Structure formats: structure tokens, C-alpha cells
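The values are calculated or read from the model by the stated rules, or taken from the named source; none is laboratory data. Source: prediction; values computed, not measured. Cβ placement follows ideal geometry from the backbone for every residue including glycine, while neighbour counts extend to all protein chains displayed. Areas reflect the complete protein model, heavy atoms only, side chains present, ligands, DNA and RNA absent. Shrake-Rupley method; radii C 1.70, N 1.55, O 1.52, S 1.80 Å.
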Amino acid sequence: MGGDYGPSEIVPAALSILNKHKELRLLLVGKEEVISQELQKNNGPSHERIKIVHAPEVVEMHEAPSHALRNKKESSMRRAIEQVRDGYAAACVSAGNTGALMATSRFVLKMLPGMDRPAICTILPGVDGRHSHVLDLGANVDSSSEQLLQFAVMGAQLTSAVENKDNPTVALLNVGEEDIKGNDRVKQAATLLEESHLNYVGYVEGTDLYTGKVDVIVCDGFVGNIALKASEGLADFLKHHATVQFKSTLYSKFAAVIALPVLKSLKKKLIPKIIMVLPYLVFAVLSSKVMVALIEFHLPQQLKRPSLKLKKMFLKEFMKNWNNC
């Protein structure tokens, strides 16, 4: 029910993805009357692979996570997460209030032993077909060195699970690659990572974010969110000025038509792919699989077809790596 456009965008996306993936079944959680109306508008009122789960309340985008957690126990977000907890769904998808989603997920689904906080992760495109998983991107603005180690474990296991990499490389985002640079928290995290069983390769700088030189880049949410928003701002800046230039003359308009396929391909590569990493029975991984499919991001095929085997493998390997650290 949340997000910028609510059911008017989510319902058509749900019907679209059902047409693409015949094995998928969806629970649409929210106000039953509103969802039914949107299904009728999109010619899908009696779709056999859709079931509506009524929830009378909605978490607003501006609502504080703590308020939503305490006062919106009948919200569509809470009910959707409970479907995962109770085994009726393999994944939860939400386009709504991210803070409320993480707080409610943590409360309802709990955390794995030894893990303090969840994190938000994205896939940043690199060169030569490579890319990097970057976390945290804003879930925790003040993380300890121990929590940075936990993020590294989460990121490494996520990468290993969805990309079939046995020993993904892990790096810390810092102001320089030299050992003497960085604040005490980053240096302490580096020491912990060096002593762990992860494939830690040292520091990377901001200029390395879009190279794909390492598989996992770890930072606290304050730094990560600024880096992500700066990237989004730069993309908007380039889009604006490219549009202005292509519209400036008749010749440039013709050039724009010729360049359109290349520009569309570039746009797909530059769209950030947000994944919520919640260390509870791969809740995050499965959420990303369905979410990415629903909003039609371009992700590796493994992210679009969750399986019980993948769930069990992820949890087993995650706990093994965490215990080794």
C-alpha cells in the first residue's frame, strides 16, 4: 500500500511478473477493496495465482519507524512480514517506508545469533561486466568496527549465494588505500577482517566504487548513503545535460534518435539495485529476488528464482562463515 504510487503501480507490476514467471504465486497484502479495484482496472480480478490478504492500516512514507512498529500492528507491511514468519510466503516485498520495513522485519523475524543490526546493500556496476555489492547504505549511521565485520560477513555470503562465488573478495571503503589512513573505527574493522576467514583485500577509495575490482565493499550507513545519493545526483545531472544538448539543434535531435538504443542500455546499467540484507533465514535475499523481479530491475537470474535449496544453503553457509569469524 505504500511507496510513491501505491497499488496503482504495484498491482500492474504484480500482474506483469506473473505473466513472465508461471511458477510464481503472490499474496497482495493491503486494503482488499482498493486492491480489488486495481485488479479490475488491469483485467486481473480473478487471477488464480493471486490471493488478497486484507490489512486495514497503512504505514505512511513520512512515519517514524518506531511509531509504525508500536501503533500499526494491522498495517499491510506488518501483515506481509508475518506471512513470511508464518510460512505462507517465501519472501516479503515492499515499496514503502524503508525504515519501518527494517524495524518491523527485525522485530517480527528476529536476528541471527551474534548479528546486531541489518544492513542495506546495493549492486554498483563496474567495468568489463563486473560489479560490486556495497553495504551499508543507510540503515545504520553509526556502526562499530564489530558491526562492520558483520556487514562484511553478510555481504560476502550474499555474493557467494547469488553469484556462486566460493570466496568473494571484501574491502573496506576508506579515504585512501594506505594502512595509515582512516579513522580508528575503520582501522579496528580492518584488523578484525584481517583476523577473520573472509577474503579481505584491504581498503578501497571512492574512485573504486564503479570499477568492480572487489566483490564486496563495506562501510557504515552514513558514508554509504552519501556515496549512493551522490551517485544518483550525478546520474540526474548527466541525464539533464545530455537531454539539453540533444534538444539544442535539429542535428543533435537526429543524433539522439541514433543514440537511443545505447542510452537505454546505459540507463539499465546505471540504475542502482537496492537489496535489504536482513540476516534471518535469507529474508533479505528472498525479498530482493521478488522485489527486483516485480519492479523489473536487471539482476542475475539466480535472484529471480528463489528455491528451498538456496534458502537452506544460504543459512548454512552464513552461519559457518560467521562462526569462523
Query raised in the report: For the stretch 13-66, which residues satisfy the criterion of being farther than 19 Å from residue 91 by Cα, assigned to a helix (DSSP H, G or I) and not hydrophobic (A, V, I, L, M, F, W, C)?
Result: 32, 33, 36, 37, 38, 40, 41, 65, 66
Query - the stretch 165-182, subset in a loop (DSSP other than H, G, I, E, B) and among the aliphatic types (A, V, I, L, M), residue farthest from residue 218 (Cα to Cα) - result: 180
**Report entry** Condition met for residue 143 (closer than 20 Å to residue 116 by Cα, outside any strand (DSSP E or B), in contact (Cβ under 8 Å) with a residue 24 or more places away in the chain and hydroxyl-bearing (Ser, Thr, Tyr))
**Finding:** yes
Query raised in the report: Looking at this structure, is residue 8 in contact (Cβ under 8 Å) with a residue 12 or more places away in the chain, out of contact with any Pro (no Cβ under 7 Å at 6 or more places or on another chain) and within 22 Å of residue 108 (Cβ to Cβ)?
Result: no
Report task. Give just the number: which of (1) open to solvent by less than 30 Å² (accessible area, probe 1.4 Å); (2) outside any helix (DSSP H, G or I) does residue 162 not satisfy? Result -> (2)
Query raised in the report: Here are 200, 210: which of them is more than 19 Å from residue 230 (Cβ to Cβ) and of a type in the set (Phe, Trp, Tyr)?
Result: 200
Report summary line: Quick count over the stretch 173-208, residues being open to solvent by 70 Å² or more (accessible area, probe 1.4 Å), within 23 Å of the chain's Cα centre (by Cα) and touching a residue at least 60 places away in the same chain (Cβ under 8 Å), is 0
Query raised in the report: For the stretch 84-118, how many residues meet the condition of being buried (at least 18 other Cβ atoms within 10 Å of the Cβ), in a helix (DSSP H, G or I) and touching a Leu at 6+ places or on another chain (Cβ under 8 Å)?
Result: 8
Requested in this report: Quick one: in the stretch 1-50, of everything that is over 24 Å from the mean Cα position of the chain (by Cα) and of a type in the set (S, T, N, Q), which residue is farthest from residue 75 (Cα to Cα)?
Outcome: 43
Query raised in the report: Any residue in the stretch 241-253 that is open to solvent by less than 30 Å² (accessible area, probe 1.4 Å) and either over 22 Å from residue 127 (Cα atoms) or at pLDDT 85 or above (or both)?
Result: yes
Query raised in the report: Got at least one residue in the stretch 11-29 being of a type in the set (Lys, Arg) and surrounded by 15 or more Cβ atoms within 10 Å (Cβ to Cβ)?
Result: no
